[in-house]
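K.L.:
Pasting a structure below so you can have a look.
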Amino acid sequence: MLRMRPRCMSCTQELAGDAEAFICSYECTWCPRCAHGFAEVCPNCKGELVARPRRTTGTAAIVSRFPDRVRRFARRTAGRA
């Protein structure tokens with residue numbers, strides 16, 4: 001599972017998973033203060049900085065669905081060489 005970056009890439013401020021943060025399409029991560037200081041343009045790639053999405057489910061909820069996802073995948077791929 002991919003992890004969101006836990007710190008701002010500029011000032012190294014801690015960014016919890018549910019904290020407000022900004023990312024570009026390459027997932028460079030910035031705190032709101034730094035993002036606004038960059039005029040919401042990533043200094044690395046010059047891409048647009050947008051609000052980072054927040055996770056709505058915890059790990060336990062994802063893991064509880066895992067067996068069903070594996071069964072569905074097995075059914076879809078059955079018979080393929």
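The values are calculated or read from the model by the stated rules, or taken from the named source; none is laboratory data. For clarity, every value in this text was computed on a predicted model and none was experimentally measured. Note that each Cβ is placed from the backbone with ideal geometry, even for glycine, and that neighbours are counted across all protein chains shown. Surface areas here come from the heavy atoms of the whole protein model, side chains and all, with no ligands, DNA or RNA. Shrake-Rupley method; radii C 1.70, N 1.55, O 1.52, S 1.80 Å.
K.L.:
Restricting segment 36-81 to residues that are of a type in the set (Lys, Arg) and either at pLDDT below 70 or in contact with a helix residue (DSSP H, G or I) (Cβ under 8 Å, 6 or more places away or on another chain) (or both), which is surrounded by the most Cβ atoms within 10 Å (Cβ to Cβ)? Walk me through how you get there before you give the answer.
P.N.:
Taking segment 36-81 first, the residues of a type in the set (Lys, Arg) are 46, 52, 54-55, 65, 69, 71-72, 75-76, 80.
Right, trim to either at pLDDT below 70 or in contact with a helix residue (DSSP H, G or I) (Cβ under 8 Å, 6 or more places away or on another chain) (or both) and you get 55, 65, 69, 71, 80.
Numbers: 55: 12, 65: 10, 69: 10, 71: 10, 80: 5.
By that ranking, first place goes to 55.
K.L.:
Find the residue count for segment 6-35, including only residues that are open to solvent by 50 Å² or more (accessible area, probe 1.4 Å), in contact (Cβ under 8 Å) with a residue 12 or more places away in the chain, more than 9 Å from residue 52 (Cβ to Cβ) and within 12 Å of the chain's Cα centre (by Cα).
P.N.:
Adding up the residues that qualify gives 3.
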